[in-house]
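See structure below.
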Amino acid sequence: MRSRKRDGPSPRRRVRAANRPLTSDTARTVTPPAFAADARWMAHAIGAAREAEAAGEVPVGAIVVSGGVIVASSGNRTRRDRDPTAHAEVVALRAAAAALRDPVLSGCELYVTLEPCAMCAGAIVLARVARVVFGAWDDKGGMGGSVGDLLRHPRLNHRPEVTAGVSADECGALLTRFFAGRRGEEPRDGPLEAL
């Protein structure tokens with residue numbers, strides 16, 4: 001058997017290293033003035049999450065901002081639309097693309113109350129959103145640094161800037177109360193223990 005000389009690690013090890021999830025420690029640190037502006041926009045996303053909750057949906061809300069103006073806003077709509085892809089982020093991205101008449105949202109920022117899942121992270125990358133700001137971390141399905149980091153994966157051709165943890169306590173509390181109510185329990189401490 002011939003042995004081959006390889007340059008660097010094996011392809012399998014390169015893929016494993018590239019797929020290593022980034023942790024919440026690698027999220028961008030927000031300076032106080034930027035945090036204040038992000039918190040103001042996140043308040044709008046929280047409003048959309050509350051509207052979704054009032055309609056019986058999981059309380060996740062998202063807004064798309066372009067040029068300092070909200071061009072789209074949505075909460076989860078999976079139950080109302082009977083559509084498993086109707087997550088707040090995807091619905092908001094669709095509405096923003098329609099409002100701007102362009103599927104490329106390169107000048108836009110997405111504010112969402114919960115760390116995006118794999119489906120939503122993929123849609124964000126494909127829409128080429130410039131920046132993603134999320135509130136609560138999702139340790140069970142988040143793809144912005146918790147379970148994996150699809151948003152900033154080095155092999156993808158677009159990687160938005162990511163800011164995490166904006167109004168995290170308030171965003172997480174919405175979810176905790178919602179799921180505790182569904183189980184008939186009192187809410188526990190910690191923003192996402194209910195998930």
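The values are calculated or read from the model by the stated rules, or taken from the named source; none is laboratory data. Model, not experiment: these values are computed from the prediction. Cβ atoms come from the backbone with ideal geometry, glycine included; neighbour counts cover every protein chain shown. Surface accessibility is based on the protein's heavy atoms, side chains included, excluding ligands, DNA and RNA. Shrake-Rupley method; radii C 1.70, N 1.55, O 1.52, S 1.80 Å.
The 3J(HN,Hα) values that the Karplus relation (6.51, -1.76, 1.60; θ = phi - 60°) gives for the stretch 132-137 are, in residue order, 10, 10, 10, x, 7, 6 Hz. Gly and Pro appear as x. If one computes the Cα centroid of the stretch 139-180 and of the stretch 53-108, what distance in Å separates the two points? First find each Cα centre; the distance between them is then 16 Å. Based on the convex hull around the alpha carbon atoms, the stretch 29-98 presents an average projected area of 5.2 nm².
Label sites at Ala55 and Asn157, each approximated as a point 7 angstrom past Cα along Cα to Cβ, lie 3.4 nm apart. Heavy-atom accessible surface of the stretch 23-156, averaged per residue, reaches 45 Å², computed with a 1.4 Å probe. Modelled spin-label separation between Met119 and Ser106, with each label point placed 7 Å from Cα along the Cα-to-Cβ direction: 2.9 nm. Under the simplified labelling scheme, the Arg183-Asp83 pair shows an inter-label distance of 3.1 nm, with each label point 7 Å from Cα along Cα→Cβ.
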